[in-house]
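*Asks:* A single structure is presented below for examination.
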Amino acid sequence: MKRTGMILSAIAVGALLFSSCRKEPLNDMTEEESRIYVTNYDEQADFTTYNTFSIVDSVAVISNRDSKKELTDYDIKLLGNLKSSLQARGYTLVDKSAKPDLAVNVTRIDNAYNSIGYNPGWWTGWPGYWDTGYWGYPGWNYWFPGYYTVFRYNERSVAIDLVDLKNAPKENNQLTAIWNAMLRGTGVWNSSNLDSMTTAIFDQSPYLKASGN
Amino acid sequence: MKSIKTIILILIGSLGVSSAFAQSSRPPFSFNLNYSVAQPLGSLSDYASKTSFRGWQAGFQYALNDRLSLGAKAGFSDFYERFPRAVYPGKGEDVSAVQTHTLQTIPILATVQYNFAGPEARVIPYGGLGIGTANMNYEKFWGEFVERENKWAFQVSPELGINVPFGKYSPVMLNANVQYNYAPYKVQEISNFNSIQANIGLKFHIQ
């Protein structure tokens, strides 16, 4: 019995050690380290064939089947950063009525209370997401080519979609998204992080430039 | 780590009790508990190169005679490395992230040991072999987002070590050994599990 007791206590102690010995990656992670910036691009697309772009006038906020358009200080700065970054790559900002080659949709997603899929484009068709009618194609759908992502999580994030209007009437009344950026992790809705996040997504997308550049 | 200290204190405490039962030959059944340090090798080292100082091993053995014993052991190691922010390209995709690579392994092995010296020796060197399975918990963090894959793999672990009795025929011994671990384990960037591990602890022969 003494022997059995010792073995059992050893097993109990062992089980305790399993849980306590591990170094937990999240314990010493800063907010900056927690964030990831994912860009997806259509491998068929030639980004130098586009010259003009237009950007939405506010940001779609999608949360738990409730959604609205907002224009907070954060949103103003985000839209401004995207404009100047695209202009720095040689694209010309025009009004959406001037038949831009590219449309820029911007969405904030608060996914803290539901767990929807995280493939780029799942938010298209969500109430509140930019309707194709906004870009002059009422009743159309957005289409995201077979992008690949590994992540699925409940969180807040930001999605930026670059939609091809130049080659719009291609097939099936679909507007094709040729580029998408997702900002994910702690603090992505914090204005003070916007500059570094915008720089990161453009730095990792060197192909995103107009022919004149 | 705090709990390791507690265990060691308990072990040292029970040392006194065991010596009271000291006799001319050791009881056949023994139990050991070791602290482990493991160094990853090969592709495991490419994945997470830092030495694991968060490990332990526990086992029991039944001596068939003075030289040969059979038993089983289990353990734990935690491999970890954090990489500065970098852009990881994929198909039609680029991800900027601080990656943290971790792998926790829990081997459960059947063991055979052969002593190169008799029970009366001051130092008993031995060789051993463990064969069994290991639970490999692969967790790669992209920022705060984890990619997880838990798998069981076959594992084989040869071992060389010494047992140093606390006095002649003492049922309590200091155990120190070095073991090599191999598991044909393929997950993402890891093509094989290879590590070399040092263990130090106590071994008790009990009634």
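The values are calculated or read from the model by the stated rules, or taken from the named source; none is laboratory data. If you're wondering where the values come from, they're calculated on a predicted model, not measured in any experiment. Because the Cβ atoms are built from the backbone with ideal geometry, glycine has one as well, and the counts that use them run over all protein chains shown. These accessible areas exclude ligands, DNA and RNA; they are computed on the full protein's heavy atoms, side chains included. Shrake-Rupley method; radii C 1.70, N 1.55, O 1.52, S 1.80 Å.
*Asks:* Going Cα to Cα from B:Lys186, which aspartates and glutamates come in below 16 Å? Please leave out same-chain ones fewer than 8 positions away.
*Replies:* Cross-link targets: B:Asp46, B:Glu139, B:Glu147, B:Glu149.
*Asks:* How many Cβ atoms of partner chains, on average, are near each residue of A:24-31 if near means within 10 Å of its Cβ?
*Replies:* 4
*Asks:* Compute for region B:72-162: radius of gyration divided by Kirkwood radius, i.e. Rg/Rh, restricted to C-alpha atoms, rounded to two decimals. Kindly include the intermediate steps, with their values, before the conclusion.
*Replies:* Working: Rg = 20.0 Å, Rh = 16.1 Å.
Dividing the radius of gyration by the Kirkwood radius yields 1.24.
*Asks:* Short version: which residues of region B:187-207 lose at least 30 Å² of accessible area, all chains versus chain alone, 1.4 Å probe?
*Replies:* B:Ile206, B:Gln207
*Asks:* Starting from the Kirkwood Rh over alpha-carbon pairs, what translational D in µm² s⁻¹ does chain B have by Stokes-Einstein at 37 °C and 0.692 mPa s?
*Replies:* Reported coefficient: 178 µm²/s.
*Asks:* Can you give me the C-alpha center-to-center distance between region A:163-213 and region B:60-117, rounded to a whole angstrom?
*Replies:* 41 Å
*Asks:* At a 1.4 Å probe, what is the % contribution of carbon and sulfur to the accessible area of chain B?
*Replies:* Values: 5920 of 8840 Å².
Result for chain B: 67 percent of the exposed heavy-atom area is carbon or sulfur.
*Asks:* Identify all aspartates and glutamates with a Cα-Cα distance to A:Lys99 below 18 Å; exclude those on the same chain that are fewer than 8 residues away in sequence.
*Replies:* Output for A:Lys99: A:Asp57, A:Asp131, A:Asp161, A:Asp164.
*Asks:* Same structure, new question: Enter the buried accessible area of the A/B pair, total of both sides, probe 1.4 Å, in Å² rounded to the nearest 100.
*Replies:* Answer for the A-B pair: about 3800 Å² buried.
*Asks:* Placing one identical point scatterer on every Cα of region A:17-101 and ignoring solvent, what is log10 I(q)/I(0) from the Debye formula at q = 0.13, 0.17 Å⁻¹?
*Replies:* With no solvent term, the Cα-only Debye profile gives -0.70, -0.97.
*Asks:* May I pose another question? Could you rank A:Arg108, A:Arg22 by how accessible they are, 1.4 Å probe, largest area first? List each step's numbers first, then the result.
*Replies:* Numbers: A:Arg108 15, A:Arg22 50 Å².
Result of the area sort, largest leading: A:Arg22, A:Arg108.
*Asks:* Between A:Asn27 and A:Lys83, what is the spin-label point distance in nm, taking each point 7 Å from the Cα along the Cα→C-beta axis?
*Replies:* 4.7 nm
*Asks:* While we're looking at this one, here's another question. What pairs in A:Lys166/B:Lys91; A:Lys83/B:Lys140; A:Lys209/B:Lys50; A:Lys69/A:Lys166 have C-alpha atoms more than 32 Å from each other?
*Replies:* Violating the 32 Å Cα-Cα cut-off are A:Lys83/B:Lys140; A:Lys209/B:Lys50.
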